Structures are given as structure tokens and as C-alpha cells.
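The block underneath contains the structure these notes are about, expressed in C-alpha cells.
The values are calculated or read from the model by the stated rules, or taken from the named source; none is laboratory data. These numbers were taken from a predicted model, which means no experiment stands behind them. Heads up, the Cβs are rebuilt from the backbone with ideal geometry, glycines too, and the neighbour counts pull from every protein chain shown.
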Amino acid sequence: MESISVFDMLSIGVGPSSSHTLGPWRAAKMWIEKLQQKEQFTGVTEVKVDLYGSLSLTGKGHATDVAVIMGLLGTDPVSYPVKAIDEEIEKIKSKNTLLLNSEKSIPFDFKTAIVFNKTFLEFHPNGISFTATFRNGSTKTNTYYSIGGGFVVQKKGKRSKRQTKKFSQFPYPIEKATQLLHYCQNQNATVSEIVYQNELSLRDKDRINDKFKAIWDVMLDSMYTGCHTEGILPGGLNVTRRAFETHKKLIGSTTYNNPTEWIDAIRNTEVKFRQILKWVSCFALAVNEVNASLGRVVTAPTNGSAGVIPAVLMYYMVIENHDADFNDVKTFLLVAGEIGSLFKKNATISAAMGGCQAEIGVSSAMAAAGLTELMGGTPAQVLIAAEIAMEHHLGLTCDPIGGLVQIPCIERNAMGAIKAINACELALDTDPKNAKIPLDKVIATMWETAKDMASKYKETSEGGLAVQVNMSDC
């Protein structure tokens, strides 16, 4: 049984896409590690990268080529200063050299060393191959697949074997929602309590708290940064940042000096009923505007859907419960991460495999579940909330204009957050005995829908809005 940590579902990275930016970045680092392990690194004289399928079709808009370079440099997407990325790329372009793993200088022509192939590899739409040429003239190619949410694999068999071994100590192994509910009922425990016990089998409570704090700090910072940054997003669509003006109107003349004070400032602002949805939308837009500009966000479960979970969590903290604290943050993220893992195990969280239902739909389900537990819902109601949120995202296509994670992606985060809150309210008013559709069934339906969906609606920019609306129209 495959088990996935919450911290695999919620990881810190750089925008704009977990599968098209963060994944290739990690794949490049993995490839270098492989060369080092086989003692081949010092003999490398040339590097070539081939992008396939969705990685190629929307690679420019998703900054896939930039991410690959950053990975080849050996930098860490969690900690590397994002403001330095452009400078680093320009240096490579001007000198036509690359410092492989920041230690070995090799010739590198940015225009020819990365090849965008429109063909699809068999295993997954997001394929990437690295070819090294060595001093003796021989070459070696390794292929990786970015399967969504920043996860990278070479082939399924090895991945399954490795993860099963790594997580075999989980006291409550979970493959299906029914198993999760069984554990909750059997142990008279909440969803977060069951998931927390699994996490404790991997790391101690101090490390868990540190990791959740780091995640929340990035989520809060991305909301704060997005709400306080104006201008035009990069990429050529000339999309105006909207969170800045919306936030300015909502916050008024209230003063504060940092993100922590900002939370209290919002709590002390008189929020009228009609402004609640504006605040939620503002939070979500802010995160994804940061994401669209190669900023640092939390993959939740993907970068393209990074705004939903922080927006709903912030809604709880500043609207529903002014006494909310770090324990509430931890509870929310434990529940959300587990729900996300159910979709990853039994369907997909990759838009290249399942369309936007696999990103915004999953993030909305995750957020709805987390909010429901914080609002006092039972474990059964938590699962109902996740089901409702996904049910009303089924069939959602991924058709980004210009291959950029901007239109319609940014607005979809706001819609996903609002749907999550609505799903929570519906679930809290639902007697589980009267619920008709189990979460496992809607996950299975999502996967069947994904397989039936035409490939042009799966993050290729070859269908939907991407062809009906030209970049020049924007």
C-alpha cells in the first residue's frame, strides 16, 4: 500500500507550476545526483535537455526551461532567492556557459541545449530527458517524469517499491477514504489525529511543528506579498495584478508592519457580509499572482492551485475564529494533506493527466475538508465536504492562454476557495446517513473523467480558451 506524507503534498517551491517548473527543477538535481553516485559527473563535457508533451507545449509559459537551468546549477527551489533567478539566467545566456551543480563549467547555449519536442512519451505527458556527453565522446541519457505536485519519478515500479519501504511504519496505512473513516471511528479520533499519528512515525513532534510553521510562513508571506505588490505580471499577457487594488479597498487606512500584524489588522477591520467573498478572493488571487511571477509558494497540491488552501485557512483565521492559532493551522493542513494524498493515490493531481479538476478540484476538496474539521464537523462530514467540492469541479479543463499560469488559472483559485467554503457549509448541514456519494466514488469518477478527457484539454494550450482567445486579444 502506497503511503504519502502530508509534507509531500504540501511542499515549498517556486512558481508558476509544480509539474512544469518545480518538477523539472527537481529532476535536474536528481540527474546530477545520479551522475555523482555513478562517479560520472567529473567527466561531463556537454549537457542537452529534451522536453516532451505537455512540458514542451506549455514549457515557455511555465518557465520550464528556466527551472531546468536552475536545477542544473544545483540550486534549491525551497531556499534559493527568487529575485536572483533572472540575473542568473541572463548570465548563462550572455556567456554561453553553465556552472553544472555550481562547480563544473561547461559550454551551454540556452537556445539549442534545451529542445522542445511536441511528441508525448508513453508513461506520462510530462517527460524530460537529460543527455550527458563525456570526455571520451560517449553519451548517456536518463528520462524522468514530472507527475504533478512536484513529484518526479523515473518509472513506476521503482517508485512504488521505494515508497512502500519508506512508509511501511505507518500505524494507520490509508489507501481509501473508507479506511480513513474506519480508523477515525474505531479510535474515536478526528481525521487530523489519525494523520498526525502517521506523521509521528516518520519524524518527532518538534520537526513536524517546524515543517508546518515553515509551510504556513510561506503561505502567509505569499498572501501578504501578493496583496502589497502592484503592476503587470510577466509573460506577455499584460495581466494586471488585482489583489493589490482589492486589498487596498478592503483594508482601508488600517496600519500594520508585517504579516503577523496584518492578520490582526484584518480581524479588527469591520467586515460586511458582502465583503467576505472579496477577502477570500483577494487572498487566493494574491498567492497566484506571486506564483505567476516565479515567486515562492506552497505546492498545495500544485502550484497552479496554490492559492485555494491558504485563502480558506486565512478565511477561518480572520472571519470565522479570531482566536485561531498555530494548532488550528496544523489541524487544517493535516486534514488537507491527507485528502490530497487520496486523490494522488487513486486518481491524479497532474493537470497534464486530468485537466484542471486534478488541480483546482483537488485543492478545493482539500481545503473544504480542512475547514470542516476546524468548524466542528465529524470525520464523516469532513469526507462529505471533500466529496462535494470535487463533485462540482468534475470535468474542469486545463487550457491556459499562452501556456501561462495566469488566465484562467488565477481566478480559478478564487473560485475553488469559495466552493470549498460552500462545500464545508453544506457538509456541516448534512447527516452522513443521508449522503449519497462516497468520496472514494467521486475520486474514481474524477479519474475516469480524466481518462476520457481529450488531450488538448490537459495543459497543452491546444484547446479551450487557449485557442479561442489569442495573446494579442489580451
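Observations on the model:
- Qualifying position, being closer than 19 Å to Ser363 by Cβ and free of Cβ contacts under 8 Å to residues at least 60 places away in the same chain, among Leu428, Leu394, Leu439: Leu394
- Restricted to segment 57-93, and to residues there that are hydroxyl-bearing (Ser, Thr, Tyr) and surrounded by 24 or more Cβ atoms within 10 Å (Cβ to Cβ), the residue that is nearest to Asn470 (Cα to Cα) is Thr58.
- Output for segment 233-255, where each listed residue is among the aliphatic types (A, V, I, L, M), under 28 Å from Thr269 (Cβ atoms) and under 24 Å from the mean Cα position of the chain (by Cα): Leu233, Val239, Ala243
- Being surrounded by fewer than 20 Cβ atoms within 10 Å (Cβ to Cβ) and either touching a helix residue (DSSP H, G or I) at 6+ places or on another chain (Cβ under 8 Å) or not assigned by TED's automatic domain parsing to the domain that holds Cys184 (or both) holds for only one residue in Thr255, Thr240, and it is Thr255.
- Segment 1-95 holds helices (runs of 4 or more DSSP H) entirely within its bounds, and those carrying 3 or more residues that are acidic (Asp, Glu) map to 85-95.
- Of all residues in segment 218-229, at least one satisfies being in a loop (DSSP other than H, G, I, E, B) and surrounded by fewer than 21 Cβ atoms within 10 Å (Cβ to Cβ).
- Residue match in segment 410-426 (condition: under 13 Å from Gly304 (Cβ atoms) and modelled with pLDDT under 95): no
- Of all residues in segment 322-346 being among the small types (Gly, Ala, Ser) and in a helix (DSSP H, G or I), the one that is surrounded by the most Cβ atoms within 10 Å (Cβ to Cβ): Ala336
- Residue ID - surrounded by the most Cβ atoms within 10 Å (Cβ to Cβ), chosen from residues in segment 347-401 that are over 24 Å from Val280 (Cα atoms) and of a type in the set (Ser, Thr, Tyr): Ser350
- Answer residue from segment 114-143, given it is assigned to a strand (DSSP E or B) and either touching a Cys at 6+ places or on another chain (Cβ under 6 Å) or among the small types (Gly, Ala, Ser) (or both) and is surrounded by the fewest Cβ atoms within 10 Å (Cβ to Cβ) among those: Ser129
- Answer from Leu285, Leu277, Leu180 - the residue that is more than 30 Å from Leu465 (Cα to Cα), assigned by TED's automatic domain parsing to the domain that holds Asp328 and assigned to a helix (DSSP H, G or I): Leu180
- Any hit, segment 33-44, residues being among the aromatic types (Phe, Trp, Tyr), touching a Lys or Arg at 6+ places or on another chain (Cβ under 9 Å) and touching a residue at least 24 places away in the same chain (Cβ under 8 Å): yes
- Only one of Thr254, Thr269, Thr260 that is in a loop (DSSP other than H, G, I, E, B) and over 26 Å from Lys419 (Cβ atoms): Thr254
- Flag if Tyr316 is at pLDDT 95 or above, hydroxyl-bearing (Ser, Thr, Tyr), in a loop (DSSP other than H, G, I, E, B) and surrounded by fewer than 24 Cβ atoms within 10 Å (Cβ to Cβ): no
- Val115 being of a type in the set (Val, Ile, Thr) and either touching a helix residue (DSSP H, G or I) at 6+ places or on another chain (Cβ under 7 Å) or free of Cβ contacts under 8 Å to residues at least 24 places away in the same chain (or both): no
- Any hit, segment 288-304, residues being surrounded by fewer than 17 Cβ atoms within 10 Å (Cβ to Cβ) and assigned to a loop (DSSP other than H, G, I, E, B): no
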